[in-house]
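Engineer: Dumping the structure here so I can ask a few things about it.
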Amino acid sequence: MIEINYNVDELRWKKNFPHFKNYISKTVNETLKATDKEIIHNVSVTFFLTSNKKIRELNFKYRKKNKSTNVLSFPMQSSYMDRYLLGDIVMANQTLLKEAIEQNISKYDYLCKMTIHGMLHLLGYDHKTEKQFKQMNKFESLIYNTVKKKNDK
C-alpha cells in the first residue's frame, strides 16, 4: 500500500488545484509502477504544498539557491516500523501555474509532470550528467504519457 500525506500551508493550493490529491496520487502510483522498484509495499511519501516564498527559503537553506523553484525533493529511503519512508516533495503553487502557462500545458498536466520529477528524485534518479538527464527524461516522458492517457479517459 502506498501512503501519501499532504501538508498544505498555502490556501491558494485548494483554490487553484482543487483536485490535487487525485492527480498526485494517480501519478505517484504510476511512477512507482513504471520504475519497477521493489518498494511498492507500505511506502510512504509526503507532499508539502506551499508558496513561492516558502519554497525559496527551502531552496536557499538546502541548495544555496536564493530563488523560487517548482519542486524540491528530499529523499529519505529508510524504514520505520512497517513503513518504507521514501521522502518528501515540496511544490510551489504559483510557480507551477506560471510555468504551466509558459509551456502551454494544463495546470493538472504540469502538476503531474512535476510530481513525476519529484518522485524520480526520491527514487534515486538525477540529472547532473547528460547520461542521467537522458535516463530521467526518458522515464518522465514514459510515465507522463501513461498518466495523461488515464487522466484523459
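Engineer: Check region 76-88 and report whether any residue there is surrounded by 14 or more Cβ atoms within 10 Å (Cβ to Cβ), closer than 16 Å to ILE116 by Cα, of a type in the set (Ser, Thr, Tyr) and more than 11 Å from the chain's Cα centre (by Cα).
Structural biologist: There is no residue in region 76-88 that is surrounded by 14 or more Cβ atoms within 10 Å (Cβ to Cβ), closer than 16 Å to ILE116 by Cα, of a type in the set (Ser, Thr, Tyr) and more than 11 Å from the chain's Cα centre (by Cα).
Engineer: Among the residues of region 105-132 satisfying the criterion of being closer than 22 Å to LEU86 by Cβ and more than 16 Å from the chain's Cα centre (by Cα), which is surrounded by the most Cβ atoms within 10 Å (Cβ to Cβ)?
Structural biologist: Checked region 105-132; the qualifying residue surrounded by the most Cβ atoms within 10 Å (Cβ to Cβ) is GLN132.
Engineer: Scan region 11-32 for residues that are among the polar types (S, T, N, Q) and surrounded by fewer than 18 Cβ atoms within 10 Å (Cβ to Cβ) and jot them down. Full working, then the answer.
Structural biologist: Going through region 11-32, the residues among the polar types (S, T, N, Q) turn out to be 16, 22, 25, 27, 29, 31.
Passing the criteria: ASN16, ASN22, SER25, ASN29.
Engineer: Continuing with this model, one more query. Which of the helices (runs of 4 or more DSSP H) found entirely inside region 93-153 contain at least 2 residues meeting this: within 14 Å of ASN29 (Cα to Cα)? Can you show your working first?
Structural biologist: Numbers: elements: 93-102, 107-122, 130-152.
Fully inside region 93-153 and qualifying: 107-122, 130-152.
Engineer: When you go through THR35, THR69, THR46 one by one, which is the residue that is closer than 24 Å to ASN145 by Cβ and surrounded by fewer than 20 Cβ atoms within 10 Å (Cβ to Cβ)? Give the steps one after another, and end with the answer.
Structural biologist: Details: THR69 fails: closer than 24 Å to ASN145 by Cβ; THR46 fails: closer than 24 Å to ASN145 by Cβ.
Of THR35, THR69, THR46, the one residue that is closer than 24 Å to ASN145 by Cβ and surrounded by fewer than 20 Cβ atoms within 10 Å (Cβ to Cβ) is THR35.
Engineer: Does VAL43 satisfy the criteria of being closer than 17 Å to TYR125 by Cβ and either free of Cβ contacts under 8 Å to residues at least 24 places away in the same chain or within 12 Å of the chain's Cα centre (by Cα) (or both)?
Structural biologist: Spelling it out, it is not the case that VAL43 is closer than 17 Å to TYR125 by Cβ and either free of Cβ contacts under 8 Å to residues at least 24 places away in the same chain or within 12 Å of the chain's Cα centre (by Cα) (or both).
Engineer: Somewhere in region 54-65, is a residue at pLDDT 95 or above, in a helix (DSSP H, G or I), within 19 Å of LYS107 (Cα to Cα) and touching a helix residue (DSSP H, G or I) at 6+ places or on another chain (Cβ under 9 Å)?
Structural biologist: Yes, there is a match, as at least one residue in region 54-65 is at pLDDT 95 or above, in a helix (DSSP H, G or I), within 19 Å of LYS107 (Cα to Cα) and touching a helix residue (DSSP H, G or I) at 6+ places or on another chain (Cβ under 9 Å).
Engineer: What number of residues within region 72-104 satisfy the criterion of being at pLDDT below 95 and aliphatic (A, V, I, L, M)?
Structural biologist: Total meeting the criteria: 4.
Engineer: Is it true that some residue in region 122-130 is at pLDDT 90 or above, closer than 26 Å to SER51 by Cα and aromatic (Phe, Trp, Tyr)?
Structural biologist: No, every residue in region 122-130 fails to be at pLDDT 90 or above, closer than 26 Å to SER51 by Cα and aromatic (Phe, Trp, Tyr).
Engineer: Something else: If you check LEU142 against the conditions, is it touching a Leu at 6+ places or on another chain (Cβ under 6 Å), surrounded by 12 or more Cβ atoms within 10 Å (Cβ to Cβ) and in contact (Cβ under 8 Å) with a residue 60 or more places away in the chain?
Structural biologist: Working: touching a Leu at 6+ places or on another chain (Cβ under 6 Å): no; surrounded by 12 or more Cβ atoms within 10 Å (Cβ to Cβ): yes; in contact (Cβ under 8 Å) with a residue 60 or more places away in the chain: yes.
Answer is no for this residue.
The values are calculated or read from the model by the stated rules, or taken from the named source; none is laboratory data. Given the structure is predicted, the values throughout are model-derived calculations rather than measurements. Cβ coordinates were reconstructed from backbone atoms using ideal geometry, including for glycine residues, and neighbour counts include every protein chain displayed.
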